[in-house]
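The structure appears below as structure tokens.
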Amino acid sequence: MISNGSRSLAFRLIAGAALWCVSGLAVGGLVLSSLFLEYVEREFDARLTVLLEGLVVASDVGEDGRLDMTAVLGEVRFEQPYSGWYWQISQRRTESDDSDPVLLEPLRSRSLWDWTLPGPDPSAGTSLRSVNVPGPDGQSLRLIAREIVLDGANIPLDFVVAGDRAEMAADIRRFNSTLAWSLGLLGTGLVLAMFFQVRFGLKPLGRIQVALADIRSGRDDQLTGPFPSEIQPLAAEVNALLEHNTAVVERARTHVGNLAHALKTPLSVLLNESAASTEPLADTVSQQTILMQRHVDHYLVRARTAASRGVLGVRTEIAEVLEDLRRTLLRIHARRDISIEVDCEEDLLFRGERQDLEEMTGNLLDNACKWAKEQVTVSVTLRDGEFCIMVDDDGPGLPPARREEVMQRGKRLDESVPGSGLGLSIVGDIAGLYDGKLSILESPAQGLRAALTLPGARKTD
């Protein structure tokens with residue numbers, strides 16, 4: 001079902017569903033990653049804000065106007081040089097002449113060592129500001145800053161706390177990695193589920209394929225078995241088509257039979273009348289009537305074969321037909337004491353009507369018996385859905401240049417031997433209607449070999 005590339009219905013269903021599934025999971029993954037990034041940044045900013053508030057609480061202005069730390073912050077990494085976690089308090093003082101503020105030496109954590117963090121934007125006022133800034137040792141810092149005026153101080157103080165964004169980035173990478181393989185595993189599971197769902201959903205089509213193969217091979221004559229409600233109308237239409245085809249073939253056979261009877265009676269009358277007359281015209285009428293009779297027989301056989309060829313599921317046992325013909329021909333040629341040997345496996349089948357196989361093999365065997373001295377051999381082989389019936393005789397044979405002549409309609413190479421000259425031509429025509437062929441070759445028995453190739457099978461196929 002999932003063969004033939006893009007022409008496969010199963011492939012289209014699975015590929016379309018997989019495309020939408022992968023697209024949906026990719027978009028969902030991007031949205032989740034973006035939401036998690038925002039969440040991590042908010043949590044990081046909240047943590048920095050708490051540390052900033054603790055820094056403000058731990059800061060005090062003494063009686064001498066100096067800024068001191070009255071408590072130690074709970075973050076140990078503030079004491080480790082270049083640990084990635086820093087705080088800083090910058091003082092601003094206005095000269096008596098009301099000039100621009102002068103930045104005093106900042107008070108900072110030991111982790112900063114000799115590094116100075118940027119202060120808040122003066123235009124931001126006392127509002128909280130967060131920004132990403134470069135830090136010492138190539139670090140990328142997330143910075144929270146606010147301008148505050150403490151009691152006892154007559155100048156604003158810039159309180160700054162910063163943390164290394166590497167921790168936040170590591171959390172985001174871990175989340176994205178987990179998200180990627182989780183969505184990949186989920187997508188794979190969904191695609192596999194869709195695959196099995198499509199296979200299960202299209203399974204009735206496989207049953208129809210098997211049922212049609214049974215009909216074509218002759219094991220059944222209709223689509224049978226339970227089918228889903230969506231496929232049942234199709235099965236019913238196919239069965240109706242098969243019944244109609246059978247009825248059409250039966251009507252064609254009836255018409256062919258009626259035509260045969262309608263033509264043979266007048267032709268027989270003409271032959272009898274011409275035989276009873278002694279006038280010169282009688283010989284001409286007799287000859288032309290015999291010729292018309294031959295052509296009528298020839299084209300009636302072709303018409304009947306063309307009609308029967310359209311019947312599905314017809315199969316004929318080859319060994320049974322050959323054995324019946326062998327017994328019949330042995331009685332016909334009993335005076336000549338001819339031996340007929342048949343080598344055919346019992347399970348070989350012809351995909352066609354029995355009477356067509358009898359017509360073809362009967363002509364070949366009868367022709368071989370007419371020319372054979374003592375022995376006629378029939379062998380059957382099956383290969384690649386076709387069987388070949390080889391009829392060998394030990395007669396005089398024919399040179400290669402004259403073998404094609406025996407295939408011509410009405411051509412007789414020896415008028416002393418009974419026959420109409422239409423037998424091999426009829427065999428070739430019927431074989432052609434079944435997409436087969438007839439070849440005349442040299443026989444290993446020194447006579448002729450007629451090789452007839454037709455569609456075949458075994459009973460187990």
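The values are calculated or read from the model by the stated rules, or taken from the named source; none is laboratory data. Owing to the predicted nature of the structure, the values given are computational and were not obtained by experimental measurement. Ideal geometry is used to build each Cβ from the backbone, glycine not excepted, and the neighbour counts take in all protein chains shown. All accessible areas refer to the heavy atoms of the entire protein, side chains included, with ligands and DNA or RNA removed. Shrake-Rupley method; radii C 1.70, N 1.55, O 1.52, S 1.80 Å.
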Within the range 163-260, DSSP-loop trypsin sites (Lys or Arg not before Pro) with at most 15 other C-beta atoms within 10 Å are Arg219
Subtracting the Cα-Cα distance of Ala58 and Glu243 from 0.36 nm times their residue separation yields 56.6 nm
In nm, the gap between the two label points placed 7 Å beyond Cα toward Cβ at Thr70 and Phe195 is 7.0
At 25 °C in a medium of viscosity 0.890 mPa s, the range 130-261 has a Stokes-Einstein diffusion coefficient, with Rh taken as the Kirkwood radius over alpha carbon pairs, in µm² per second, of 105
So for R0 = 22 Å, FRET eff. of Glu41-Asp137 from the Cβ-Cβ r, to 0.05, ends up at 0.50
Order by accessible surface, 1.4 Å probe, largest leading, for residues Glu374, Glu43, Glu353, Glu147 comes to Glu374, Glu43, Glu147, Glu353
With all protein chains in place and a 1.4 Å probe, Glu317 shows an accessible area in Å² (nearest 10) of 70
Extension length gain for Ile148 and Glu374 (0.36 nm per residue less Cα distance), in nm, is 68.4 nm
Between Ala236 and Val31, the FRET efficiency computed from the C-beta separation at R0 = 51 Å comes out, to the nearest 0.05, as 0.55
Taking only protein heavy atoms and a 1.4 Å probe, the highest-to-lowest accessible-area order of Asp392, Asp151 is Asp151, Asp392
For Asp220 the rounded accessible area (nearest 10 Å², probe 1.4 Å, non-protein molecules ignored) is 50
Using a 1.4 Å probe on heavy atoms of the protein chains only, the accessible area for Leu190 in Å², nearest 10, reads 70
Rounded to 0.05, the calculated FRET efficiency for the beta carbons of Asp171 and Leu205 at R₀ = 60 Å is 0.70
